[in-house]
1. Residues ILE62, ILE44: which one is open to solvent by less than 30 Å² (accessible area, probe 1.4 Å) and more than 30 Å from ALA136 (Cβ to Cβ)?
2. So, in the stretch 68-79, of the ones that are out of contact with any Gly (no Cβ under 9 Å at 6 or more places or on another chain) and open to solvent by less than 60 Å² (accessible area, probe 1.4 Å), which residue ends up nearest to LEU135 (Cα to Cα)?
3. Of the numbered conditions (1) assigned to a helix (DSSP H, G or I); (2) modelled with pLDDT under 90; (3) open to solvent by 60 Å² or more (accessible area, probe 1.4 Å); (4) among the aliphatic types (A, V, I, L, M), MET107 fails exactly one; give the number of that condition.
4. Being charged (D, E, K, R) and under 26 Å from the mean Cα position of the chain (by Cα) is the filter here; which residues of the stretch 113-128 pass it?
5. State which residue is farthest from ILE93 (Cα to Cα) when the search covers only the stretch 14-39 and only residues that are open to solvent by 80 Å² or more (accessible area, probe 1.4 Å) and out of contact with any Asp or Glu (no Cβ under 7 Å at 6 or more places or on another chain).
6. ASN11 is checked against (1) closer than 23 Å to GLY90 by Cβ; (2) loosely packed, with under 12 Cβ neighbours inside 10 Å and fails just one. What number does that condition carry?
7. Picking from VAL129, VAL185, which residue would you name as being closer than 30 Å to VAL66 by Cα, among the β-branched types (Val, Ile, Thr), at pLDDT below 90 and part of a loop (DSSP other than H, G, I, E, B)?
8. Within the stretch 91-104, which residues are at pLDDT 90 or above and open to solvent by less than 60 Å² (accessible area, probe 1.4 Å)?
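The values are calculated or read from the model by the stated rules, or taken from the named source; none is laboratory data. What you are looking at is a predicted structure, and each value in this text was computed from that prediction instead of being measured. Methodologically, a virtual Cβ is constructed for each residue, glycine included, from the backbone with ideal geometry; neighbour enumeration extends over all protein chains shown. Only protein heavy atoms, including side chains, enter the accessible area calculation; ligands, DNA and RNA are left aside. Shrake-Rupley method; radii C 1.70, N 1.55, O 1.52, S 1.80 Å.
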Amino acid sequence: MNQPFYTERLNEIISVVSDVAMGDLSKQVEVTGEDELAALGMSINEMVANLKRYRTEMAENIISVVSDVAMGDLSKQVEVTGEDELAALGMSINEMIDNLKRYRTEMAEKIISVVSDVAMGDLSKQVEVTGEDELAALGMAINEMISGLKEKEFIRDSFGKYISKQVLDELMNGKLKMGGEKKEVTILFSDIRGFTAIAER
């Protein structure tokens with residue numbers, strides 16, 4: 001056996017394995033011969049190829065799931081295999097998706113609860129808005145609606161003591177403008193003979 005050649009090949013294998021251990025998958029063992037070192041070199045090259053394929057598939061999976069999340073689709077999760085940085089990233093993304101699902105569920109439950117109360121005539125509650133997504137926008141719109149309903153209720157209670165229901169309904173429906181209206185009217189003044197004397201008695 002050629003000792004220096006054997007040592008050189010062994011050093012090359014050690015170098016490639018060290019690079020792989022550091023996350024560098026760019027190198028391969030140059031396989032020469034058909035002995036145990038050649039078999040080991042081929043095994044290492046196969047391992048590197050599998051790691052490259054795993055990284056590519058994992059990265060594609062992560063990109064696909066993150067793209068779906070960006071479009072509002074929370075139905076998928078990253079398929080995590082291994083225990084490297086990509087696996088850790090995949091687990092973090094899955095945790096984020098679970099948190100978003102939980103947020104959506106909680107927000108939807110809050111909105112349903114407040115809307116149900118409003119439907120029963122209770123205007124005392126508001127949707128607790130967190131975030132800046134569609135559900136948060138819906139929550140804010142519901143809060144504005146509740147404020148508008150409270151204002152109308154206040155006007156109805158306040159003015160209802162002093163004006164007729166018909167005028168109040170017109171006021172509430174926006175048919176009657178605040179500040180009065182100008183209208184052309186015809187007025188007939190007439191006097192009944194002797195009415196003043198009768199009225200003064």
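1. Working: ILE62 fails: more than 30 Å from ALA136 (Cβ to Cβ).
Unique residue meeting the criteria: ILE44.
2. First, pick out the residues of the stretch 68-79 that are out of contact with any Gly (no Cβ under 9 Å at 6 or more places or on another chain): 68-76.
The next check asks that each one be open to solvent by less than 60 Å² (accessible area, probe 1.4 Å); those that pass are 68-69, 72-74.
Numbers: ASP68: 18, VAL69: 15, GLY72: 12, ASP73: 14, LEU74: 14 Å.
Per the criteria, the residue is GLY72.
3. (3)
4. As a first pass, look at the stretch 113-128 and keep what is charged (D, E, K, R): 117, 122, 125, 128.
Result: ASP117, LYS125, GLU128.
5. Taking the stretch 14-39 first, the residues open to solvent by 80 Å² or more (accessible area, probe 1.4 Å) are 14, 21-22, 26-28, 30, 34, 36.
Now restrict to residues that are out of contact with any Asp or Glu (no Cβ under 7 Å at 6 or more places or on another chain): 14, 21-22, 26, 28, 34, 36.
Details: ILE14: 35, ALA21: 25, MET22: 24, SER26: 27, GLN28: 32, GLU34: 45, GLU36: 43 Å.
Selected residue: GLU34.
6. ASN11 satisfies all of (1) closer than 23 Å to GLY90 by Cβ; (2) loosely packed, with under 12 Cβ neighbours inside 10 Å except (1).
7. On the way: VAL185 fails: closer than 30 Å to VAL66 by Cα.
Answer to the check: VAL129.
8. The answer is ILE93, ASN94, ILE97.
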